[in-house]
Amino acid sequence: MKIQDVLKQLDDFGFKQVLNISFVDSDGRTQNHYYIYFYERYGILLTFDTYGGDRVNGGLYHYQWSPNLYHPCFSSGGWINVDVIPTWIGNGDCREGMFESIAELARDGTFVTPWVQASFCYPSFVHYMDYHSDKSWDTGYELYKKAAIEKTLERFKLLPENVQKAIVNGMKFDRSE
C-alpha cells in the first residue's frame, strides 16, 4: 500500500500522528519517514518507517491489555499480574491485520492505559537508517542496540505529554541490562 493510503486508514480508525521524523535512505536521495501514532482511547502506540519514499517498511503496535474472557490469539508479548489481574504486554506487526486484532482485543478485554509495567516487549524509537550497515547481521544488531540506547529517550521526550504519561511505565530506557 502507498503511504498516503496507510495514513488515511490510521486516521479513519482513530490513530493520531504524534511524531514524524524525516530521514534519507542509504542511496543518499530517497526521503523516508519514521512515524509514531497513538490511539488514545486504548493506549496503543504504533511505530513504523517507510522505504522507497512511499511504502511501509515495517513497524509494531504496542499495547497493554487485560482479558474479560479467553482470547485465542495474541501477538508477541507476555503475561504479568497487576494486583492479581492478568495483563498482557504485547506488540504486533502493523502489516498483519492490525485493525482486526485491535478490534478482537477490544471485544474480549480492556486495554490498559496508562501502561503499568515494562517487560521485554517495549517500544524502541528507531528507524532502519539509525542502525543501517552493509556489513554482517551481527554488526547491524550492535548498531541497533546502540541506536536504541541513544534515540529512544531522546524521541520519547519529543512525544506530546499525554502520550508520555500514557506509556512511560511501559518504557525501558536503560537497555544495557
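The values are calculated or read from the model by the stated rules, or taken from the named source; none is laboratory data. Please read these numbers as outputs of a predicted model, since none were measured by experiment. Reconstructed Cβ throughout: ideal geometry from the backbone, glycine too, with neighbour counts over all protein chains shown.
Would you confirm whether any residue within the stretch 17-38 is within 16 Å of Ala103 (Cβ to Cβ) and touching a strand residue (DSSP E or B) at 6+ places or on another chain (Cβ under 7 Å)?
Residues of the stretch 17-38 within 16 Å of Ala103 (Cβ to Cβ): none.
Scanning the stretch 17-38, I find no residue that is within 16 Å of Ala103 (Cβ to Cβ) and touching a strand residue (DSSP E or B) at 6+ places or on another chain (Cβ under 7 Å), so the answer is no.
Only helices (runs of 4 or more DSSP H) wholly contained in the stretch 75-177 count here; list those with 2 or more residues that are more than 17 Å from Tyr42 (Cα to Cα).
Numbers: elements: 98-108, 137-156, 161-167.
Qualifying helices (runs of 4 or more DSSP H): 137-156.
Could we say that Phe48 is touching a residue at least 60 places away in the same chain (Cβ under 8 Å), assigned to a strand (DSSP E or B) and of a type outside the set (A, V, I, L, M) here?
Taking the combined requirement at face value, the residue does not satisfy it.
Condition check: at pLDDT 90 or above and more than 13 Å from the chain's Cα centre (by Cα). Does Lys151 satisfy that? Walk me through how you get there before you give the answer.
Details: at pLDDT 90 or above: yes; more than 13 Å from the chain's Cα centre (by Cα): yes.
Yes: the conditions hold for Lys151.
In the stretch 20-35, is there at least one residue being surrounded by 14 or more Cβ atoms within 10 Å (Cβ to Cβ) and part of a loop (DSSP other than H, G, I, E, B)? Break it down stepwise before answering.
Applying the first criterion (surrounded by 14 or more Cβ atoms within 10 Å (Cβ to Cβ)) to the stretch 20-35 yields 21, 23, 25, 30, 32-35.
Next cut, part of a loop (DSSP other than H, G, I, E, B) only: 25, 30.
Yes.
If I ask for residues that are in contact with a Gly (Cβ under 7 Å, 6 or more places away or on another chain) and surrounded by fewer than 23 Cβ atoms within 10 Å (Cβ to Cβ), which ones from the stretch 49-74 would you list?
Asp49, Leu60, Ser66, Pro67, Asn68, His71, Phe74
For every residue, the table says whether it meets (1) of a type in the set (Ser, Thr, Tyr); (2) free of Cβ contacts under 8 Å to residues at least 12 places away in the same chain; (3) surrounded by fewer than 14 Cβ atoms within 10 Å (Cβ to Cβ).
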site	(1), (2), (3)
Ser119	yes, no, no
Phe125	no, no, no
Lys135	no, yes, yes
Tyr144	yes, no, no
Ile149	no, no, no
Lys157	no, yes, yes
Ile167	no, no, no
Gly170	no, no, no
